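To start, the structure under review is shown below, and the notes come after it.
The values are calculated or read from the model by the stated rules, or taken from the named source; none is laboratory data. Every value quoted in this text rests on a predicted model; they were computed, and no experiment measured them. Note: ideal-geometry Cβ built from the backbone for every residue, glycine included; neighbour counts use all protein chains shown.
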Protein chains: 2
Amino acid sequence: MRGAVIHAPGDVRFETVDDPHVLHPTDAVIRTAVTCVCGSDLWPYRGAEPIGDPHPMGHEYVGFVEEVGSAVTSLRAGQFVVGSFATSDNTCVNCRNGFQSNCLHREFMSTCQAEYVRIPNAQGTLVATDEVPDEGLWSGLLAVSDVMGTGWWAADAAEVRPGSTAVVVGDGAVGLCGVIAAKEMGAERIIAMSRHESRQKLAREFGATDIVTERGEEGVERIRELTGGIGADSVLECVGTAQAMSQALHAARPGGNVGFVGVPHEVAIDGQELFFSHVGLRGGPAPVRRYLPDLIDRVLTARIDPGKVFDLTLPLEQVAEGYKAMDERRAVKTLLKP
Amino acid sequence: MRGAVIHAPGDVRFETVDDPHVLHPTDAVIRTAVTCVCGSDLWPYRGAEPIGDPHPMGHEYVGFVEEVGSAVTSLRAGQFVVGSFATSDNTCVNCRNGFQSNCLHREFMSTCQAEYVRIPNAQGTLVATDEVPDEGLWSGLLAVSDVMGTGWWAADAAEVRPGSTAVVVGDGAVGLCGVIAAKEMGAERIIAMSRHESRQKLAREFGATDIVTERGEEGVERIRELTGGIGADSVLECVGTAQAMSQALHAARPGGNVGFVGVPHEVAIDGQELFFSHVGLRGGPAPVRRYLPDLIDRVLTARIDPGKVFDLTLPLEQVAEGYKAMDERRAVKTLLKP
């Protein structure tokens, strides 16, 4: 089959790779319905993370079950499935605690920008829909497998409550999905920090009530003005830089909460500053599996449409252009069709 | 009147100081019933915090109302009152959010090791008991004004739940009160980290089910062994050093919670490590006022007896010896009687 392989910063190629097979009884192989490029794929693409040997890319997917291992009893060939970027057996103690992305048998997906994908821990990871959804819903379901699940987790970790005020730091796909989540969880005021007009527009469409274009301390000042001088109840940090984290911590009110979901790159948090702020902080790779049944339902009933974060659709074979467009900020997120 | 004044590291004197008066309509002046020395008083005493000019000390108190300002309508002379080390108007938005120790009008108490004390924001800060409690209960109520309130906050911030497992890092008065709090909140297993026999004994009396004497990575290993390999649901960090914080973060299970109440001294938290742990982190000066009515009730009904953390009682005029005994670890906490 063919799939994306990264060779060096800026060098992603669509080439022939080994066909995936069931290697363990707990595996499944799916035929990719749609896949995409993630903001986090840009870290190695931009040389901000080591690449090492050329390797496949991609961790977002929805698809059709092709084949299952002998231990996979809940799935059958032909079913349409949604998974998570982190696989989980969904039975271990961490899974039972709701942190499936910290499953004792977790494997991070990394070969999904391809025609077929092997899914470890398939029974615990994949959720099948009752029937094959209308193709118009695939992009939304694909978003659920990562960015929408992550936006939801950001809002959940930031303890968004009905009637509360939420700030979203980061206007990438995750941040935009965070706006959806905050809205669904009942936030009355949702302040999106964004300086890109098209993203501001989408944020508003998703439920943002205010847009703050300033950054850093100026941005924090603006948030304070909008929140009676004290800051927001909940802040969703959807970037992962030190600046974004600092902005998030300062934008939260005393005793507020920051949910941080951008993988932190060179972020250190000052203990004393956090102490005197009373702010609660929780982050991590989103436990998407916890949210899958609910989020799939919200997409299938058209209650939410996170698929709108895809503003560029390309054939899978043009994956390189998909990266380039996102790197150059011509696209928020690229959908890839095999 | 007379009170404690710190002149230099190791040099606390009991000397004549100005009588306190009502300076603002919102003030009260109380006659101290009992006061004490706090673990945090040892930071300047040990030269770990700058002292500057000689200044009074002490932030824990229970006492009798002597005089109130014109704006204080809920208190009258003669009442027995319990307060908090942080004063609060109990009406501002931060107070209403439950973070009275972040009150917009907060003043930290700092003159309580004295015969009389001025209490700013008296109406919001002081809680009067219905009648003057039996003198045997004063030590417990004094503990409530700081260490018990702080231990409670540690357990609350660490989200201790019925049936859960809690670890307490630090066997000082706050840590020991944290054991009481975890027990009251229904923790089924309470692991106290302590290497001092007398403190271990008190911890067990307060409800600790296990004692871990190892520290650092060894201590964390031991916690893991006791918690099915994954760590504890809740960890109460009651020290404030980098080592204690690291121990606490590593002792929590994926998705568990750390409540940190020791004022952090040179503590930096690695963002990426926190991220992959899924651990929730919240700390700060305890919002004691939030808990006062409940904790006073628990002491008055003899449901808890945090007064047991006082293992040395001295006349107030021997305050210097009170510091010395704690510095030399001959005492956990010194009670001072005017």
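Annotations for the structure displayed:
- Looking only at residues in the range A:265-276 that are facing chain B (nearest Cβ under 7 Å) and touching a Leu at 6+ places or on another chain (Cβ under 8 Å), the one that is nearest to A:Gly149 (Cα to Cα) is A:Ile269.
- In the range B:233-245, the residues that are out of contact with any Phe, Trp or Tyr (no Cβ under 7 Å at 6 or more places or on another chain) and either away from chain A (no Cβ under 12 Å) or assigned to a helix (DSSP H, G or I) (or both): B:Ser234, B:Val235, B:Leu236, B:Cys238, B:Ala242, B:Gln243, B:Ala244
- Residue in the range A:239-251 that is surrounded by fewer than 23 Cβ atoms within 10 Å (Cβ to Cβ) and β-branched (Val, Ile, Thr) present: yes
- Extreme residue, nearest to the other protein chains (Cβ to nearest Cβ), among residues of the range A:76-89 that are part of a loop (DSSP other than H, G, I, E, B) and surrounded by 19 or more Cβ atoms within 10 Å (Cβ to Cβ): A:Ser88
- Any hit, the range B:98-109, residues being away from every other protein chain (no Cβ under 14 Å), touching a Gly at 6+ places or on another chain (Cβ under 9 Å) and within 24 Å of A:Phe276 (Cα to Cα): yes
- Long-range neighbours under 9 Å by Cβ, at least six apart or interchain, first residue free of Cβ contacts under 8 Å to residues at least 24 places away in the same chain within the range B:270-291, second part of a helix (DSSP H, G or I) and among the polar types (S, T, N, Q): B:Phe276/A:Asn102
- Among the residues here, A:Gly262 qualifies as touching a Cys at 6+ places or on another chain (Cβ under 9 Å) and either under 21 Å from A:Glu159 (Cβ atoms) or of a type in the set (D, E, K, R) (or both).
Here's the yes/no breakdown for (1) farther than 22 Å from B:Asn97 by Cβ; (2) at pLDDT 95 or above; (3) assigned to a loop (DSSP other than H, G, I, E, B):
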{"site": "A:Val160", "(1), (2), (3)": "no, yes, yes"}
{"site": "A:Val168", "(1), (2), (3)": "no, yes, no"}
{"site": "A:Val174", "(1), (2), (3)": "yes, yes, no"}
{"site": "A:Gly178", "(1), (2), (3)": "yes, yes, no"}
{"site": "A:Ala182", "(1), (2), (3)": "no, yes, no"}
{"site": "A:Ala187", "(1), (2), (3)": "no, yes, yes"}
{"site": "A:Arg195", "(1), (2), (3)": "yes, no, yes"}
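- Flag for B:Asp19 being more than 19 Å from the chain's Cα centre (by Cα) and either surrounded by 15 or more Cβ atoms within 10 Å (Cβ to Cβ) or in a loop (DSSP other than H, G, I, E, B) (or both): yes
- Scanning the range A:56-71 for any residue that is within 17 Å of A:Lys324 (Cβ to Cβ) and modelled with pLDDT of 95 or more turns up at least one such residue.
- Scanning the range B:227-257 for residues that are of a type in the set (A, V, I, L, M, F, W, C) and within 17 Å of B:Arg215 (Cβ to Cβ) gives B:Ala232, B:Val235, B:Leu236, B:Cys238, B:Val239, B:Ala242, B:Ala244, B:Met245, B:Ala248, B:Leu249, B:Ala251, B:Ala252.
- Enumeration of residues in the range B:284-324 that are assigned to a helix (DSSP H, G or I) and among the hydrophobic types (A, V, I, L, M, F, W, C): B:Val288, B:Leu292, B:Leu295, B:Ile296, B:Val299, B:Leu300, B:Val309, B:Leu316, B:Val319, B:Ala320
- Take the conditions (1) surrounded by fewer than 24 Cβ atoms within 10 Å (Cβ to Cβ); (2) more than 23 Å from B:Gly39 (Cα to Cα); (3) not aliphatic (A, V, I, L, M); B:Tyr291 misses just one of them, which is (2).
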